[in-house]
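The values are calculated or read from the model by the stated rules, or taken from the named source; none is laboratory data. The structure presented is a predicted model; accordingly, all values stated were derived computationally and were not measured. Positions of Cβ are backbone-derived with ideal geometry, glycine not excepted, and every protein chain shown enters the neighbour counts.
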Ligand SMILES: *Cc1c(COP(=O)(O)O)cnc(C)c1O
């Protein structure tokens with residue numbers, strides 16, 4: 001067994017234990033989907049993770065993601081999540097390889113993704129990204145804009161609205177921010193029955209996200225190690 005494989009296996013086991021403990025502490029008997037965020041790391045790492053039972057990966061830059069996905073030996077076993085800020089002119093590329101887009105933050109992008117998915121002959125799962133940061137620094141639609149954007153995504157024929165996504169704001173504890181996200185998600189779910197997903201929680205705050213009902217965790221460095229040496 002390669003050193004890298006052993007390293008990934010050990011980190012993954014630790015993260016899975018954290019997730020299990022958080023679910024138990026929250027009294028949750030449902031599971032969560034662990035999305036391994038593989039940005040900056042090579043396709044060979046993704047293949048090792050797939051061998052270790054990872055089913056979902058996350059990427060945040062189109063060029064890197066497109067090249068990596070094309071190289072994957074285990075592509076047929078993986079669900080690819082696009083989690084980064086997305087320019088409208090990259091929608092066509094992303095719709096070609098992503099299964100889920102977590103970063104839908106404006107109407108123009110929704111329309112571009114819908115047209116791109118139509119060209120690919122598929123339906124894309126999308127999450128509306130909510131900006132929990134009052135300063136708006138970490139991306140996402142303002143909370144008051146989210147219901148209308150969700151309505152639009154739900155109406156577009158080649159998008160399937162699955163729920164909401166957010167990154168914890170800086171300079172504020174994550175738990176109350178995730179609680180705001182949860183109540184917004186409940187509002188959206190009242191109008192859209194398919195919108196059951198809540199993507200929240202990263203390496204540092206996954207416990208808080210599980211406590212507030214996250215269904216998808218996006219975990220990078222806790223599984224893959226520091227990105228600093230890979231930039
Ligand atoms: C990089 C990234 C993550 C993973 O962050 P870690 O702190 O390494 O777990 C999650 N979500 C988004 C949107 C990211 O860009």
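Worth pointing out:
- Subset of segment 98-114 [away from the ligand (no atom under 16 Å from the Cβ) and crowded, with 19+ Cβ neighbours inside 10 Å]: 110, 112, 113, 114
- Test set (1) touching a helix residue (DSSP H, G or I) at 6+ places or on another chain (Cβ under 7 Å); (2) closer than 22 Å to residue 12 by Cβ; (3) away from the ligand (no atom under 12 Å from the Cβ) - residue 205 fails condition number: (3)
- Residue check, residue 141 within 14 Å of residue 109 (Cα to Cα) and without any contact (Cβ under 8 Å) to a residue 60 or more places away in the chain: yes
- Failed condition for residue 152, given (1) touching a helix residue (DSSP H, G or I) at 6+ places or on another chain (Cβ under 6 Å); (2) within 16 Å of the ligand (Cβ to nearest atom): (2)
- Set 56, 99, 76: member being over 13 Å from the mean Cα position of the chain (by Cα) and either within 30 Å of residue 2 (Cα to Cα) or at pLDDT 95 or above (or both): 76
- For segment 155-175, residues that are in contact with a helix residue (DSSP H, G or I) (Cβ under 7 Å, 6 or more places away or on another chain) and under 11 Å from residue 195 (Cβ atoms) total 3.
- Applying the criterion of at least 2 residues that are surrounded by fewer than 18 Cβ atoms within 10 Å (Cβ to Cβ) to the helices (runs of 4 or more DSSP H) found wholly in segment 160-231 leaves 174-191.
- Those residues of segment 31-53 which are away from the ligand (no atom under 13 Å from the Cβ) and either within 18 Å of residue 139 (Cβ to Cβ) or without any contact (Cβ under 8 Å) to a residue 60 or more places away in the chain (or both), in sequence order: 31, 42, 43, 44, 46, 47, 48, 50, 51, 52, 53
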